[in-house]
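Novice: What follows is a single structure, and I will ask about it in a moment.
The values are calculated or read from the model by the stated rules, or taken from the named source; none is laboratory data. Bear in mind the structure is a predicted one, so any value in this text is a computation, not a measurement. In this analysis, Cβ positions are derived from the backbone assuming ideal geometry, glycine residues included, and neighbour counts consider all displayed protein chains.
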Amino acid sequence: KRKVGILTAGGDSPGLNAAIRGFGKTAIGHYGMELIGFRDGITGLVHNRHIPLDGAALSGILTIGGTILGTSRDKVHRIQIDGEVRDMVPAVIENYEKEGLDCLVLLGGGGTAKNALRLQRAGLNVLTLPKTIDNDIAMTDTSFGFATATEIATEAIDRVHSTAHSHHRIILTEIMGHRAGWLALAAGLAGGADVILIPEIPYSVQKVAETIEARTARGSSFSVIAVAEGARDLDDAADYQAAQLLAKAAKTSEGTRAAKQHLANVEDGQREHTFRLARQLEAATGLESRVTILGYVQRGGTPCAADRLLATRLGAAAADLIAQGESGYMVAARGEGTEAVPLADVAGKVKIVPPEHDWIAAARKVGTGFGD
Ligand code: F6P
């Protein structure tokens with residue numbers, strides 16, 4: 001009888017429980033495997049904290065937000081234990097063997113794939129499933145969580161329109177997405193935002209103000225702007241790019257640490273950019289400007305049907321792979337099917353929005369500004 005461990009890592013995302021259920025029901029019911037769930041992501045794996053997952057545990061979780069297993073952002077080779085940073089790969093190998101596991105399934109994004117690849121290279125059998133609201137995982141059409149977050153952010157844009165037009169205001173809606181603009185772009189397009197600002201297209205405040213003034217001249221004295229949390233104006237983008245280049249060029253481990261810290265400081269310093277832009281636009285256009293940060297509302301609550309469907313079929317496909325004795329892959333979504341992609345092609349990679357992407361082209365055609 002095959003025994004499999006499963007865990008959820010990284011930020012929580014709608015569809016995690018649907019994926020646990022899809023995988024678990026297939027693994028247990030269809031293939032007769034045994035399943036345990038590690039608590040709180042990599043942390044539980046390192047400390048061997050787990051719960052048995054049987055039919056009863058998997059029942060009734062399809063529609064529940066978050067993850068029944070808990071999650072964390074820990075890295076397997078750098079975990080804080082008793083005030084010390086330690087490489088816990090050997091501890092994980094020990095736990096894997098002690099539990100008699102045949103495979104470990106990790107639900108997460110690019111960072112989780114990095115952890116998974118490390119474990120695969122250390123000799124364990126692992127698979128990952130693509131989860132994130134950011135849609136930024138390489139080599140997969142999409143990831144579960146993104147469709148739900150898009151629905152939520154779109155509804156938010158719809159709703160702020162009421163106040164924007166009633167009060168003749170500019171409302172900047174800040175949308176998650178980490179370093180990629182997928183979520184802001186999708187929700188901005190679906191919600192009919194007048195301007196969409198994403199990290200892939202650095203903006204000029206002047207150009208954004210011009211788009212708003214052109215609307216005022218046409219009789220629309222309000223605007224709604226979808227701002228990705230990672231969007232930057234031209235100056236910030238230049239600072240950020242320079243810091244990124246420094247981090248890439250660093251040669252010594254000390255140099256790398258210092259350059260990474262500098263990059264993190266630059267990122268931190270740019271975190272309030274949406275509020276700054278609101279002040280700049282108010283000064284430039286004379287229209288009252290307000291900010292709405294969507295925050296964790298975007299990743300909370302029940303997954304939409306598309307995410308339940310995706311999570312279930314990816315989960316079932318992962319169980320198929322284990323039954324065939326396969327490992328070392330992310331189970332990717334490809335069209336209406338799935339595809340096993342080698343972990344090395346996914347680990348640590350970030351899929352950003354290409355400038356020629358169809359969604360950007362469509363948005364431009366309907367008159368959306370990008371501030372460029
Ligand atoms: O990756 C999902 C995400 O929600 C990103 O959009 C965001 O940048 C990040 O996680 C927020 O992370 P945390 O949970 O650490 O606040």
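Novice: Going through the range 81-108 one residue at a time, which ones are closer than 15 Å to Leu127 by Cα and either in contact with a Ser or Thr (Cβ under 8 Å, 6 or more places away or on another chain) or of a type in the set (Val, Ile, Thr) (or both)?
Specialist: Passing the criteria: Cys103, Val105, Leu106, Leu107, Gly108.
Novice: Same structure, new question: Report, by residue number, each residue of the range 143-172 that is touching a strand residue (DSSP E or B) at 6+ places or on another chain (Cβ under 7 Å) and more than 14 Å from the ligand (Cβ to nearest atom).
Specialist: Correct list: Ala156, Ile157, Val160, His161, Thr163, Ala164, Arg169, Ile170, Ile171, Leu172.
Novice: Cβ contacts < 7 Å: first residue at negative phi and at pLDDT 95 or above, restricted to the range 299-316; second residue part of a helix (DSSP H, G or I) and among the polar types (S, T, N, Q), any location; separation 6+ or different chain. Result?
Specialist: These pairs meet every condition: Pro303/Thr148; Cys304/Thr148; Asp307/Thr148; Gly315/Thr26; Ala316/Thr26.
Novice: Further question on the same structure: Report whether or not Leu129 is within 16 Å of the ligand (Cβ to nearest atom) and over 22 Å from Leu7 (Cα atoms).
Specialist: no
Novice: Of the conditions (1) modelled with pLDDT of 95 or more; (2) within 27 Å of Phe144 (Cα to Cα); (3) crowded, with 18+ Cβ neighbours inside 10 Å, Asn95 clears all except one; give me its number.
Specialist: Condition (2) is where Asn95 drops out.
Novice: What residue, among those in the range 333-357 that are within 15 Å of the chain's Cα centre (by Cα) and within 29 Å of Phe370 (Cβ to Cβ), is modelled with the lowest pLDDT?
Specialist: Gly348
Novice: Looking at the range 294-308, which of the residues that are surrounded by 16 or more Cβ atoms within 10 Å (Cβ to Cβ) and either of a type in the set (Asp, Glu) or touching a strand residue (DSSP E or B) at 6+ places or on another chain (Cβ under 9 Å) (or both) is farthest from Ile152 (Cα to Cα)?
Specialist: Here the answer is Arg308.
Novice: Tally the residues that are part of a loop (DSSP other than H, G, I, E, B), aliphatic (A, V, I, L, M) and surrounded by 14 or more Cβ atoms within 10 Å (Cβ to Cβ), restricting the search to the range 340-372.
Specialist: 5
Novice: When residues of the range 289-339 are filtered for being under 24 Å from Gly32 (Cα atoms), part of a strand (DSSP E or B) and of a type in the set (D, E, K, R), how many remain?
Specialist: So the answer is 1.
Novice: Would you check if there is a residue in the range 53-74 being of a type in the set (A, V, I, L, M, F, W, C), closer than 19 Å to Asp12 by Cβ and within 14 Å of the ligand (Cβ to nearest atom)?
Specialist: No, the range 53-74 contains no residue that is of a type in the set (A, V, I, L, M, F, W, C), closer than 19 Å to Asp12 by Cβ and within 14 Å of the ligand (Cβ to nearest atom).
Novice: Related question: Looking at the range 270-292, which of the residues that are surrounded by fewer than 15 Cβ atoms within 10 Å (Cβ to Cβ) and within 16 Å of the ligand (Cβ to nearest atom) is farthest from Ser166 (Cα to Cα)?
Specialist: By that ranking, first place goes to Arg271.
Novice: Can you tell me which residue in the range 1-22 is nearest to the chain's Cα centre (by Cα), limited to those that are closer than 12 Å to Ile61 by Cβ, more than 16 Å from the ligand (Cβ to nearest atom) and not small (Gly, Ala, Ser)?
Specialist: Ranking the qualifying residues of the range 1-22, first place goes to Asn17.
Novice: Show me the helices (runs of 4 or more DSSP H) found entirely inside the range 1-118 where at least 2 residues are closer than 20 Å to Ala323 by Cβ.
Specialist: Of the helices (runs of 4 or more DSSP H) lying wholly inside the range 1-118, those with at least 2 residues that are closer than 20 Å to Ala323 by Cβ span 16-24, 55-58, 89-99.
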